[in-house]
Amino acid sequence: MKAHARLVARRDGERTVLRELRSMSPLTLVPRRGRGAGAVVHLVSSATFPLGGDELTLTVRVGPGAVLRLSGVAATLALPGPHGARSRSIVDVEVAEGGSLEYLPEPTVVTARARHIAVLRASVAPGAYFHTREVLVLGRAGERPGELTTSQHVTRGSVPVLRQTLTVGDSTLDGSMAHLAGNRVLASDLVVGGPELPAASGEWWSRSPLAAGGTLTTSLAPDAVTALRPFS
């Protein structure tokens, strides 16, 4: 399956309006009526996804001065496909000067024998705000995980803010496993254009200021609720 969903938010007077809202199963975008000046959209799965072999793309464009919150409503289950084929999801984001985007999907669960690649590309203007969170869960309860490779490439203006790639879970090729120190959940929280926060750390979590501006917080935990505590 190949699917491409697209969301474009623009400033119109004192409010943010959705100039384009295009869904394609299993990527369904559902706007929510809000009271504030910003726009709120939920990303809803209209089918089980991703299956091995699927290629899914979500494009998000936030115009100058527009404010958008895009959040998930249920966990994503990466499932195996025929012949060990990989699935791939790409989120392509641009936030213009003065714009604000919160992209907060629900956790991704890497089920047994799944092989999934998740890519986030974000271009953030120097005077824009971007906040995103990623929660990776290695397998369902009592299940060994599949394999997940996640990449984040974020720029602010022309300057790279974050470029990282991580592979976790079982390798279907040799049966090896990338462990998370005995934990099942890895969470990361990235803020670009927000208030500067000092470096900090605790048991299984750390917060690091980024050289080009922004803050990256990461957390390891046995479950998603515990992993998210450092971000609250």
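Every read-out reported here was derived from the displayed coordinates using simple, explicitly stated rules and does not represent laboratory data. Because the structure is a prediction, the values reported are computed rather than measured. Here the Cβ positions follow ideal geometry from the backbone for every residue, glycine too, while neighbour counts run over all protein chains shown.
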The ³J(HN,Hα) series, computed from each phi in segment 113-126 with the Karplus coefficients 6.51, -1.76 and 1.60 at θ = phi - 60°, rounded to the nearest Hz and given as x for glycine or proline, is 6, 6, 9, 10, 10, 10, 10, 10, 10, 9, 10, 10, 5, x
Treat each spin label as a single point 7 Å out from the Cα along the C-beta direction, and report the S208 to H4 distance in nm. 3.5
D223 versus A37: modelled label distance in nm, points set 7 Å from Cα along the beta carbon direction: 4.1
Karplus-derived 3J(HN,Hα) from phi for segment 67-82 (6.51 cos²θ - 1.76 cosθ + 1.60, θ = phi - 60°), whole Hz, x at Gly and Pro, runs 10, 9, 10, 10, 10, x, 10, 7, 5, 8, 9, 7, 10, x, x, x
Work out how much length R121 to S71 would gain on full extension: take 0.36 nm times their residue separation and subtract the Cα-Cα distance, in nm to one decimal. 16.3 nm
How much length would be gained if the chain were fully extended between A85 and S158, taking 0.36 nm per residue of separation minus their Cα-Cα distance, in nm to one decimal? 22.8 nm
Spelling it out for V161: with amide H atoms placed in the peptide plane at 1.01 Å from N, the residues 5 or more places away or on another chain with amide H under 5 Å from its amide H are V154, T155, R156
Please list 3J(HN,Hα) in residue order for segment 11-23, calculated via the Karplus relation 6.51 cos²θ - 1.76 cosθ + 1.60 where θ = phi - 60°; whole Hz, with x for glycine and proline. 7, 9, x, 9, 10, 9, 10, 8, 6, 9, 9, 10, 9
For the chain, report the translational diffusion coefficient in µm²/s to the nearest whole number, using Stokes-Einstein at 10 °C, 1.306 mPa s, and a Kirkwood Rh over Cα pairs. 87
Interchain or long-range residues, amide H under 5 Å from G52's placed H: L79, G81
According to the square roots a ≥ b ≥ c of the eigenvalues of the Cα gyration tensor, what is the shape class of segment 61-173, taking rounded for a/c under 1.5, prolate for a/b larger than b/c otherwise, and oblate for the remainder? prolate
Enumerate the amide H contacts of G214 below 5 Å, restricted to partners 5 or more residues apart or on another chain; note that Pro and chain-start residues carry no placed amide H. G193
Compute the distance in nm between two label points, each set 7 Å from the Cα along the Cα-to-Cβ direction, one at D12 and one at S25. 2.9
